[in-house]
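A.B. asks: One structure coming up, written as structure tokens, with questions to follow.
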Amino acid sequence: MIERVIRAALEQRLIVLLAVFVLIVSGAAAFRHLPIDAFPDVTPVQVQVITRAPSLAPPEIERLVTFPLEIELTNLPGKTELRSVSRFGISVITVVFEDRINVYFARQLVLERVLQARSRLPQSAEPVLGPVSTGLSEVFMYLVEGPTQSLMDLRTLQDWVIRPMLRAVPGLADVDTLGGLAKQYEVLVDPNRLTSFGLTLRQVTAAVAENNQNAGGSYIEQGGDKLVVHGVGLARSAADLERIVVTAHKGTPIYLRDVAQIRQGTAIRLGGVTRDGKGEVMEGIAVMLRGGNSRDIVSAVKEKIELIHRVLPAGVTLSPFYDRIELIARALATVERALLEGAAIVILVLYLFLRNLRGALVVAVTLPLATLATFVIMQQVGLSANLMSLGGLAISLGMIVDAAIVQVENVERHLSEQIQGRVLSMADRLPVVLRAVLEVRRPSLFGELIIALTFVPLLTLQGIEGKMFIPLAITVVIVLLSSLMLSITVIPVLAAVLMKPHVTREGGRLLERGRQLYRRLLEGAIRRTRFVTLAAAGVLVVGAALMPLIGREFVPIMDEGSIVVNLVRLPSIGLSESLKISGEVERFLLEIPDVRSVVTRTGANELGTDPMGMELSDMYILLKPKSEWQARSKDEIEEQVRRRLEQIPGIAFGLSQPIAMRVDELVSGVRSQVAVKLFGDDLEILRAKADEIARVLRQVRGMSDLRVEQVSGLYYLKLDIDRAKIARHGINVAAITEVIEAVGGGIGAGEVFEGQWRFPIVVRFPEEWRADVERISALWATAPDGSRIPLRELAD
């Protein structure tokens, strides 16, 4: 069969050359549309359940929200892992499934269980599913900047202009937000005025909610026309809220402005962003849909940003500080350089040994053609191009040209034997080429198949290892099979068309000496077979003995061009102080000559997929171009960063890279390459044992960063309501809890509509009533007889 294929290819040379042209065009088109990323996505099939409960402390979040949901999600079919994080105001549960489970089916299973558990959750808890994304979906990060705009204005533009327009980009799962000040309307109730008018906090909240709504009255017919009845009562400004009537006393209305101050304020924040020690900034994050093409998506995001700039106010800009395309470009440049260098070496070596430029070019053509054929097949089977799959091309260079080298060398020899002082026509060369190719086709065919079979075991890997190495194995097999098909179709045709009979030259004096040296070594080895065998066995034993001393790594560490520092402070730290420390650290790190900029993300993001506490920060250290470095290597820069961070008291830190950090977190749930987890019921014992383990691990040679995760240390102002005391005054628990909510984030009471923009309304106490413990305990609940009872007399 192979002989018939080769013979048909030689007879139909024009068709084969046309097929080569089609392959070049289709291969180039396939590469343009091939999903490309810098790193293979090793994220397992997982679904996040994000529950926000702004009024609950971490222990209550764990007990009232996380635990009931975990019970419901325990026995899901195909589930392999269940982990959760409970922090102030937010619970995030991650459900990991087997790779065979479709992600959308997994989301359906999780959603059904969440709906079943919804009735057992607190009324303020709102569970939702996280976006259909992966740990590597943050492909583009930008800062919203404007010299004349406040953080509240920038956040408003992000929420109502930038984010809706970016979400229209195909392939984006969502657009996340971090930092800025979310605008809201605040009704700052004066407790003394409430008492003077005989009102309660509940009456004010109800009045705001009831006086801020529209009504539909169907329609009426008049004169043969239909008139839609529509009552408009939505508040559109602070003035509308001020004119709300809370109650009336003997015909005199008591307006909301009589008992409260209405103003534009900002919502309670769980995170913020700083840059270069100059203060806070506003950040947006484009989150790619699972399985998306990051190159195309980021390109589309950039095009959309150019359009967004046209509708933004003058001076407001979107400045990217993390762009996945830059990393992709570096990865592709590395693979491209390897391919070009390999092709150049192949051509040079072939020319030196064959002394035939035409034959060297025939072999070299195999490299791009096999690569283009691989791109076509990768697109058809849905395989993405990344550092691992494209690396398979780089390591296959020598194997790709094996068969072509053997064939060209044999064709060269046969044509040289047939020269006999005459010029061979094409009709004379065809049978010579056919005979030469058939002589070596069978051994070269078996050689390629055997090499391809050596990669088959990699296809059986599971989990993260499988996601990492299976693309490499598949790519190598595809490129080998592509080169095999080229060797029985294209290579014989090119050899017949391009190669000409000529007198064989030996290749020069240097190659001749090399042949003679090799002959003497070979003859000596044959005469001393026992010595050679013992020497080979000795090398084998020594190599096996040295294996434990060789460093091991899951994958080669990829230089992503930037550094990420995970900063950890005391759990009790507030957001303002945490951002202040971040700014000081940024200014300190900017003193390093090779650092271009520093952007720090502190606390939780808006989507809730990364529920960091206010004591945690991800500090992105952006470096200057490598040509401008004063340091000799990136390791030297990292050492400078470590030395400077060690001088700052009150922080712990670890160094990583953006993608590497996410991969580590996916493997173990923590942002480090090696993690030790302890399980038990007593947090104090766990913390003590963790400190003991840390002292031992610090003695490990090669340890660079080590920290113990904080699970305690957050301070509480706890008001334990005494039911016996409130019963004597006829006060219920709700009357006290609403006072506590008004002290904190406030009580939601609807929204104000400014055109197409909506901003929440919260009822709360002014700042002076929340200044310290004494002021809070002096607040009161109103008894049915109108008397004021301070909280310190109702709760401990």
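The values are calculated or read from the model by the stated rules, or taken from the named source; none is laboratory data. None of these values were measured; they are calculated from a predicted model. Ideal geometry is used to build each Cβ from the backbone, glycine not excepted, and the neighbour counts take in all protein chains shown. Protein only, heavy atoms only, side chains kept; ligands, DNA and RNA dropped before computing areas. Shrake-Rupley method; radii C 1.70, N 1.55, O 1.52, S 1.80 Å.
A.B. asks: What number goes with the only condition from (1) open to solvent by less than 90 Å² (accessible area, probe 1.4 Å); (2) under 30 Å from Ala404 (Cβ atoms); (3) modelled with pLDDT of 75 or more that Arg519 does not pass?
C.D. replies: The failed condition is (1).
A.B. asks: Output yes when any residue across segment 432-449 is β-branched (Val, Ile, Thr) and either within 32 Å of the chain's Cα centre (by Cα) or open to solvent by 60 Å² or more (accessible area, probe 1.4 Å) (or both), and no when none is.
C.D. replies: Looking through segment 432-449, none of the residues is β-branched (Val, Ile, Thr) and either within 32 Å of the chain's Cα centre (by Cα) or open to solvent by 60 Å² or more (accessible area, probe 1.4 Å) (or both).
A.B. asks: Now for a separate question. Can you tell me which residue within segment 367-399, out of those that are β-branched (Val, Ile, Thr) and more than 15 Å from Leu23 (Cβ to Cβ), is modelled with the highest pLDDT?
C.D. replies: Of the residues in segment 367-399, the ones β-branched (Val, Ile, Thr) are 371, 374, 376-377, 381, 395.
Of the ones still in play, those that are also more than 15 Å from Leu23 (Cβ to Cβ) are 381, 395.
Values: Val381: 81, Ile395: 71.
Checked segment 367-399; the qualifying residue modelled with the highest pLDDT is Val381.
A.B. asks: Looking at (1) in contact (Cβ under 8 Å) with a residue 24 or more places away in the chain; (2) within 21 Å of Leu607 (Cα to Cα); (3) touching a strand residue (DSSP E or B) at 6+ places or on another chain (Cβ under 6 Å), which is the one condition that is false for Ser84?
C.D. replies: For Ser84, the exception is condition (1).
A.B. asks: Okay, next question. Checking the structure you have, find out if any residue of segment 310-329 is over 30 Å from Leu357 (Cα atoms), open to solvent by less than 50 Å² (accessible area, probe 1.4 Å), out of contact with any helix residue (DSSP H, G or I) (no Cβ under 9 Å at 6 or more places or on another chain) and not small (Gly, Ala, Ser).
C.D. replies: Among the residues of segment 310-329, at least one is over 30 Å from Leu357 (Cα atoms), open to solvent by less than 50 Å² (accessible area, probe 1.4 Å), out of contact with any helix residue (DSSP H, G or I) (no Cβ under 9 Å at 6 or more places or on another chain) and not small (Gly, Ala, Ser), which makes the answer yes.
A.B. asks: Can we say Val763 is under 17 Å from Thr266 (Cα atoms), aliphatic (A, V, I, L, M) and outside any helix (DSSP H, G or I)?
C.D. replies: Criteria met by Val763.
A.B. asks: Can you tell me how many residues within segment 522-553 are closer than 29 Å to Gly702 by Cα, open to solvent by 80 Å² or more (accessible area, probe 1.4 Å) and part of a helix (DSSP H, G or I)? It would help to see each step written out before you state the result.
C.D. replies: Keep residues of segment 522-553 that are closer than 29 Å to Gly702 by Cα, which gives 539-553.
So of that shortlist, the ones also open to solvent by 80 Å² or more (accessible area, probe 1.4 Å) come out as 539-542, 546-550, 552-553.
If we keep only those that are part of a helix (DSSP H, G or I) as well, we get 539-542, 546-549.
Residues in segment 522-553 being closer than 29 Å to Gly702 by Cα, open to solvent by 80 Å² or more (accessible area, probe 1.4 Å) and part of a helix (DSSP H, G or I): 8 in total.
A.B. asks: Determine which single condition Glu586 fails, assuming it passes every other condition in (1) under 26 Å from the mean Cα position of the chain (by Cα); (2) under 18 Å from Lys626 (Cβ atoms); (3) open to solvent by less than 10 Å² (accessible area, probe 1.4 Å).
C.D. replies: (2)
A.B. asks: Of Glu751, Glu768, which residue is part of a helix (DSSP H, G or I) and not hydrophobic (A, V, I, L, M, F, W, C)?
C.D. replies: Details: Glu751 fails: part of a helix (DSSP H, G or I).
Result: Glu768 is the single residue among Glu751, Glu768 that is part of a helix (DSSP H, G or I) and not hydrophobic (A, V, I, L, M, F, W, C).
A.B. asks: Only one of these conditions is not met by Lys500: (1) touching a helix residue (DSSP H, G or I) at 6+ places or on another chain (Cβ under 8 Å); (2) part of a helix (DSSP H, G or I); (3) farther than 30 Å from Phe31 by Cα. Which number is it?
C.D. replies: Looking at each condition in turn, Lys500 falls short on (2).
A.B. asks: May I ask you to list the residues in segment 131-140 that are among the hydrophobic types (A, V, I, L, M, F, W, C) and assigned to a strand (DSSP E or B)?
C.D. replies: The answer is Val139, Phe140.
A.B. asks: Which one of Leu194, Leu154, Leu143, Leu199 is under 24 Å from Lys278 (Cα atoms), open to solvent by less than 30 Å² (accessible area, probe 1.4 Å), outside any strand (DSSP E or B) and aliphatic (A, V, I, L, M)?
C.D. replies: Values: Leu194 fails: under 24 Å from Lys278 (Cα atoms); Leu143 fails: outside any strand (DSSP E or B); Leu199 fails: under 24 Å from Lys278 (Cα atoms).
Every option except Leu154 fails the conditions.
A.B. asks: Name the residues in segment 252-279 that are open to solvent by less than 20 Å² (accessible area, probe 1.4 Å), touching a Ser or Thr at 6+ places or on another chain (Cβ under 9 Å) and over 16 Å from Ser576 (Cβ atoms), would you?
C.D. replies: Ile254, Val259
A.B. asks: Against the condition within 25 Å of Leu318 (Cα to Cα) and buried (at least 18 other Cβ atoms within 10 Å of the Cβ), how does Val287 come out, does it pass?
C.D. replies: Answer is yes for this residue.
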